[in-house]
Amino acid sequence: MSNYSVKKPITVLMGVLIIIVLGAYSLTKLPLTLFPDINLPFVVTMTTYPGENPETVEKEITDKIESSVATIGNFEEVESMSYENFAVSIITFADGTNMDSVVIEMRENLNNIVFEEGVGNTRILRISPDMLPVMTVTLFKTYDEELTDEEVLIRNTEWINQDVLNDLNSIEGVADVSISGAADVILQVRLDDEQLDNYGLTQNEVLSLIEEQNTGGLVGVALDEGEIRMLYLGNRPQTLDEIKNLSITYDGSSVIKLSDLAIEGGISFIDASEESYSKINGKQGIQISFQKQNDIGITDVTQNILAGLDQVIEENPGAEYMVLLDQGEYINTSISSVVQNIIVGGILAILILFVFLKDIKPTLIIGLAIPISVIATFMLMYFSNVTLNLVSMGGLALAIGMLVDNAVVVIENIYRMISEGKSKKEAAIKGAQQVAGAITASTLTTIAVFLPLVFVEGLISDVFMSMALTIAYSLGASLVIALSVVPSMSAKMLDDQKEVKEGKVIHKLKSWYESSVLFTIKHKALTISVVLLLLAGSFFLVYQKGFILLPESDEGSIDINIETQSLTSFQSKADLADLLTTELLDEIEDIDTIAVSIGSNNSGMAMMGGMFGSSSGINFTINLKDNRELSTIENESLMLDIIESFDYEQVENLTKQDILE
């Protein structure tokens with residue numbers, strides 16, 4: 001390879017340019033994710049049974065589902081929770097199970113179950129990182145007139161459902177948009193009994209007349225002179241004014257409208273969900289969660305969502321939104337940190353080489369080997385469907401220091417041959433050929449360390465395979481470059497008969513190393529004892545430190561849940577949430593936003609409250625500022641201290657004994 005590379009430098013240059021172009025293109029197409037795609041062996045089923053208590057739900061739903069799923073292959077265990085109105089089951093399967101086949105078989109089994117009348121359809125959800133929303137925001141609108149919290153919530157709910165939701169669902173890359181904390185808006189009509197008597201009407205008759213007029217829709221299609229005509233029936237009222245103007249009866253002289261039969265202010269929209277609370281920084285807001293499509297990167301989706309929200313704000317004066325969760329921002333921050341470390345590591349490697357080589361030309365040759373190897377790695381990652389994530393980028397950062405090893409060995413041997421009197425062209429060919437076997441064996445040995453991952457299945461394989469492939473790709477690329485690009489550039493750039501003078505520092509290091517080697521040879525027993533002692537000490541320290549799958553990170557987000565006694569009134573919990581929000585914002589400067597919710601919400605994930613949080617407690621989601629002075633853990637400790645020392649007597653009908661945790 002080296003002989004061909006030296007004799008055909010233009011071919012080598014073209015090959016490098018092809019790698020750069022393909023690598024740059026691949027880099028723009030590689031999706032950014034926080035972690036690799038993980039195939040978790042879990043499935044969740046959710047089944048509704050409105051109006052039933054937990055005991056009935058367990059008997060009629062939970063027991064039947066548990067018996068059904070236990071017959072599926074690779075089944076390990078099932079954990080179920082029965083609540084009022086619904087049941088949740090979490091089914092665990094063996095690692096490496098084909099979850100697509102499991103879901104199909106489970107659907108067939110569940111369809112064969114005979115449930116009682118009133119039981120809803122069972123939803124099947126695969127637990128995966130994609131289940132979590134890529135972004136959660138609170139969207140609200142402020143109004144000029146004085147309104148109560150309930151009136152603001154009702155108006156915001158109507159505004160989002162009618163004017164905003166369709167636009168958000170149409171954002172590119174968004175698979176689903178769910179709303180929580182919205183009002184359950186219903187129409188309340190309070191009739192005047194005296195007026196009803198005057199016109200000889202009853203409340204049931206008025207209700208029937210309202211329902212008869214609350215119709216509208218397509219009733220048929222007709223052909224009119226060669227053109228298709230759509231036939232619609234009815235004119236369903238859409239606004240409160242249209243409802244007030246509904247015609248109810250005729251008294252012989254004028255049409256009596258619904259507003260004539262109601263008391264003053266008796267026709268209005270109200271919130272039927274009396275025990276629902278959702279505020280951010282003390283303001284009424286509605287939380288909107290976005291889930292992405294499978295074929296698009298998280299960062300691309302979050303950028304599209306932010307652009308869509310900005311357009312909503314621009315088109316609706318008085319509207320605002322606050323970001324509670326943005327996976328894209330966290331991914332960009334994390335990946336940027338890794339990229340920065342890679343760049344700094346590469347620069348340090350080049351500087352150290354220059355200190356030892358004392359010549360800019362060989363340093364430049366080796367310095368170019370690093371970015372070319374990295375770009376080639378991106379190309380190989382793209383063609384093997386490896387995403388840019390913390391694990392794969394961590395593997396690349398780990399390999400950066402090893403990328404120059406092969407090139408350093410080759411360039412040093414070429415240097416040695418030049419100093420022995422060979423021409424730079426001959427030295428480039430012979431020098432690379434002499435060490436080709438050694439560096440190939442060294443590279444393959446390093447890659448072989450990750451070979452056992454090929455035979456591992458399940459979660460470990462999903463997490464670490466991307467790291468193994470990234471390291472293998474980068475080291476393989478560095479080997480090819482060391483045996484092709486380095487000799488080709490050396491033959492053109494290095495000087496003939498280069499005399500290398502040994503510096504004082506290098507001379508002292510060599511002398512110290514020689515003395516150290518002689519000492520270890522003379523004292524073999526001591527050397528082996530020290531090595532074994534260090535090895536045992538390392539194992540002990542690792543064991544003491546413990547093991548976790550992924551390291552903790554300072555994401556700047558804190559979730560706190562306060563559970564209360566079951567008899568605690570909703571109003572007491574709402575008052576407590578308001579007071580704690582105010583105190584936390586006043587006492588801790590690092591807090592950016594505090595989103596608080598109580599009770600169930602309108603999203604599909606609400607039924608999984610038993611898994612992801614409380615459906616009846618007070619749930620705080622606190623985001624910290626980017627330029628915070630204290631870490632997330634330190635701020636969490638301060639918050640818990642404030643909550644622990646809070647004077648619960650401030651809240652009517654609430655004592656500290658009502659707080660469970």
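The table that follows gives values for the structure above.
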{"quantity": "Test for E649: is it at pLDDT below 85, charged (D, E, K, R), in a helix (DSSP H, G or I) and open to solvent by 70 Å² or more (accessible area, probe 1.4 Å)", "calculated": "yes"}
{"quantity": "Identity of the residue in region 35-66, under 17 Å from V102 (Cβ atoms) and assigned to a helix (DSSP H, G or I), that ends up least open to solvent (accessible area, probe 1.4 Å)", "calculated": "I65"}
{"quantity": "Scan of region 29-68 for residues that are among the β-branched types (V, I, T) and within 21 Å of I460 (Cα to Cα), ordered by number", "calculated": "T33, I38, V43"}
{"quantity": "Complete set of residues in region 111-163 that are open to solvent by less than 50 Å² (accessible area, probe 1.4 Å), more than 23 Å from P317 (Cβ to Cβ) and assigned to a helix (DSSP H, G or I)", "calculated": "M131"}
{"quantity": "Within region 88-109, tally of residues that are open to solvent by less than 30 Å² (accessible area, probe 1.4 Å), more than 22 Å from I460 (Cα to Cα) and not in a strand (DSSP E or B)", "calculated": "1"}
{"quantity": "Subset of region 165-179 (residues that are open to solvent by less than 10 Å² (accessible area, probe 1.4 Å) and in a loop (DSSP other than H, G, I, E, B))", "calculated": "G173"}
{"quantity": "Every pair of residues 6+ apart whose Cβ atoms lie under 7 Å, when the first sits in region 346-358 and is more than 12 Å from I370 (Cβ to Cβ) and among the polar types (S, T, N, Q) while the second is modelled with pLDDT of 75 or more and open to solvent by 40 Å² or more (accessible area, probe 1.4 Å)", "calculated": "none"}
{"quantity": "Residues located in region 354-371, provided they are in a helix (DSSP H, G or I) and farther than 12 Å from A407 by Cα", "calculated": "F354, V355, F356, L357, I360, K361, P371"}
{"quantity": "Residue list for region 540-563, filter: surrounded by 10 or more Cβ atoms within 10 Å (Cβ to Cβ) and at pLDDT 80 or above", "calculated": "F540, V542, S557, I558, D559, I560, N561, I562, E563"}
{"quantity": "Failed condition for L32, given (1) open to solvent by 40 Å² or more (accessible area, probe 1.4 Å); (2) at pLDDT below 85; (3) farther than 24 Å from D100 by Cα", "calculated": "(1)"}
{"quantity": "Close pairs (9 angstrom Cβ cut-off, 6 or more residues apart or separate chains): surrounded by 18 or more Cβ atoms within 10 Å (Cβ to Cβ) in region 566-577, small (G, A, S) and at pLDDT 80 or above anywhere", "calculated": "A577/S597"}
{"quantity": "Residues of region 453-497 satisfying the condition of being within 20 Å of G367 (Cα to Cα) and surrounded by fewer than 16 Cβ atoms within 10 Å (Cβ to Cβ)", "calculated": "K492, M493, D495"}
{"quantity": "Residues satisfying the stated conditions in region 180-201, i.e. in a loop (DSSP other than H, G, I, E, B), under 29 Å from I154 (Cα atoms) and not charged (D, E, K, R)", "calculated": "G181, A182, A183"}
{"quantity": "Selected residue (criterion: nearest to V463 (Cα to Cα)) from residues of region 360-371 that are touching a residue at least 24 places away in the same chain (Cβ under 8 Å) and open to solvent by 20 Å² or more (accessible area, probe 1.4 Å)", "calculated": "P371"}
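Okay, residues lined up against (1) among the hydroxyl-bearing types (S, T, Y); (2) at pLDDT 85 or above; (3) surrounded by 13 or more Cβ atoms within 10 Å (Cβ to Cβ):
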| residue | (1), (2), (3) |
| --- | --- |
| S259 | yes, no, yes |
| E264 | no, no, no |
| S268 | yes, no, yes |
| S273 | yes, no, yes |
| I280 | no, no, yes |
| Q293 | no, no, no |
| G308 | no, yes, yes |
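Residue-wise test of (1) under 30 Å from V164 (Cβ atoms); (2) polar (S, T, N, Q); (3) modelled with pLDDT of 85 or more.
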| position | (1), (2), (3) |
| --- | --- |
| G96 | no, no, no |
| S101 | no, yes, yes |
| E108 | no, no, yes |
| G118 | no, no, no |
| L139 | yes, no, yes |
| Y143 | yes, no, no |
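The values are calculated or read from the model by the stated rules, or taken from the named source; none is laboratory data. Being a predicted model, the structure only gives us computed values, none of them experimental. Cβ sites come from the backbone with ideal geometry, for glycine too, and all protein chains shown count toward neighbours. To get the accessible areas, we keep the full protein, side chains included, count just its heavy atoms, and leave off ligands, DNA and RNA. Shrake-Rupley method; radii C 1.70, N 1.55, O 1.52, S 1.80 Å.
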